[in-house]
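The values are calculated or read from the model by the stated rules, or taken from the named source; none is laboratory data. Because the structure is a prediction, the values reported are computed rather than measured. For neighbour counting, all protein chains shown are included, and Cβ atoms are generated from backbone atoms with ideal geometry for every residue, glycine included. The area values use the complete protein model at the heavy-atom level, side chains included, leaving out ligands, DNA and RNA. Shrake-Rupley method; radii C 1.70, N 1.55, O 1.52, S 1.80 Å.
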Amino acid sequence: MGTKILITGGSGMIGQALSAALSENGHQVSHLSRNPSEKANYPSYKWDIANQYIDPRALKVDVIIHLSGEGIANKRWTEKQKQKLIVSRIDAAQLLYDQVVKLKTRPTRIISASAIGYYGSDTQKEECFENNPAGDDFIGQFVCKWEQQVNQFEALGIRVSLLRIGIVLSKAGGALPKLTLPILWGVGAPIGSGRQSMSWIHLDDLVKMFVFVVERQVLGIYNAVTQNTTNALLTQAIAKQLKRPLFLPNIPGVFFKIIFGEMSKIILGGNQVSGMKIIEQGFEPDYPTLEGALSDIFKKK
């Protein structure tokens, strides 16, 4: 019998891939869902953040993996969008806590997604390690509060693991399709200076890392990144894989400031994040180089 694992955000890009990997390893996976279906691939139970509800049957598990939440770079950060981010990540973690408190038998662990935005939207050339302070801008403070909500579980004797996720490379979603499309159209170009750091991880390695944390019972905070590159080098590497030229000069940052407002800071800024701490625990990425990661992604149908 494997571990009983409840995943929030199980229908998302990371959640789907992680559910499959955990099931293959013999774990019993279930999902929390806003609209549970009998036909779902995994047992799914209803939760409703606004109405503070979780189906009590859902929480009879050993481990909670908390992935759910509005994408940080999905939309311009209007006040409404900022509120949506807070509700979907911070309030969701609080609801889990409030429901777990009531249980006689509680899960033993919670493993939560976090983000390298914790360090702020632009840390220049400074290398970021897990013990660095949170950034003082919106994204740094938002991720810090999100982590604080999860860290509350320690007071219940529940062990906490946090993975600060970088740019996830996959065809299924995230940054890569957005970067790939202009290159395919022949209008690809680096953004702003092109020198901004981008700390990335292949989706398969991120899934492997979550499985590693589950099975090795790794506790604490870890940066979920494999390597750093720059926006210009990533753009060039994608173009090389697609065998497309890059003719155009860099796209001026001012366009992104106009279109995305405050959110443009995470596009024009960047973080050079160290992924060494998890490797020192024994984790080995399958795709340690950008070329290898992109080659694998683009050869997949």
Sulfur and carbon atoms: percent of accessible area, segment 1-94 [1.4 Å]:
48 percent
Around ALA224, which amide H atoms from residues at least 5 apart in sequence, or from another chain, sit under 5 Å from its own amide H, with H modelled in the peptide plane?
ARG164, ILE165, GLY166
Let me check against my output: what whole-number percent is the relative contact order of segment 49-180, with C-alpha pairs under 8 Å and at least 6 apart?
26 percent
At most 11 other C-beta atoms within 10 Å and a DSSP loop state: those are the exposed chymotrypsin sites (Phe, Trp or Tyr not before Pro) I care about. Give me the longest piece of the chain that has none.
1-184
Sites ARG244 and GLN124, calculated FRET efficiency, Cβ-Cβ separation with R0 30 Å, nearest 0.05
0.45
Give me the distance in nm between label points sitting 7 Å out from Cα along the Cα-to-Cβ direction at LYS299 and ALA40, one decimal.
3.6 nm
Of all alpha-carbon pairs in segment 81-151, indicate the percentage at a distance above 21 angstrom.
33 percent
A correct Stokes-Einstein calculation for segment 124-250, using the alpha-carbon Kirkwood radius, 37 °C and 0.692 mPa s, returns a whole-number D in µm² s⁻¹ of 196 µm²/s
For the chain, what proportion of DSSP beta bridges, expressed in % and rounded to the nearest 5, is antiparallel?
15 percent
Over segment 11-53, what portion of Cα pair distances is larger than 14 Å, expressed as a whole percent?
52 percent
Would you compute, for the Cα atoms of the chain, the largest minus smallest coordinate along each principal axis and list the three values in descending order, in whole Å?
62, 39, 39
Charges only on Cβ, +1 for Lys and Arg, -1 for Asp and Glu: so what's the dipole of the chain about the Cα centre, in debye to the nearest 20?
780 debye
Please report the Cα spread of segment 55-107 along all three principal axes, rounded to whole Å, starting with the longest.
42, 16, 13
Need one number for segment 1-134: average projected area of the convex hull over its C-alpha atoms, nm².
10.2 nm²
What fraction of the DSSP beta bridges in segment 22-139 is antiparallel, stated in percent and rounded to the nearest 5?
20 percent
Sequence neighbours fewer than 8 away in the same chain don't count; with that in mind, list the aspartates and glutamates whose C-alpha is under 20 Å from LYS102.
ASP48, ASP55, ASP62, ASP91, GLU154
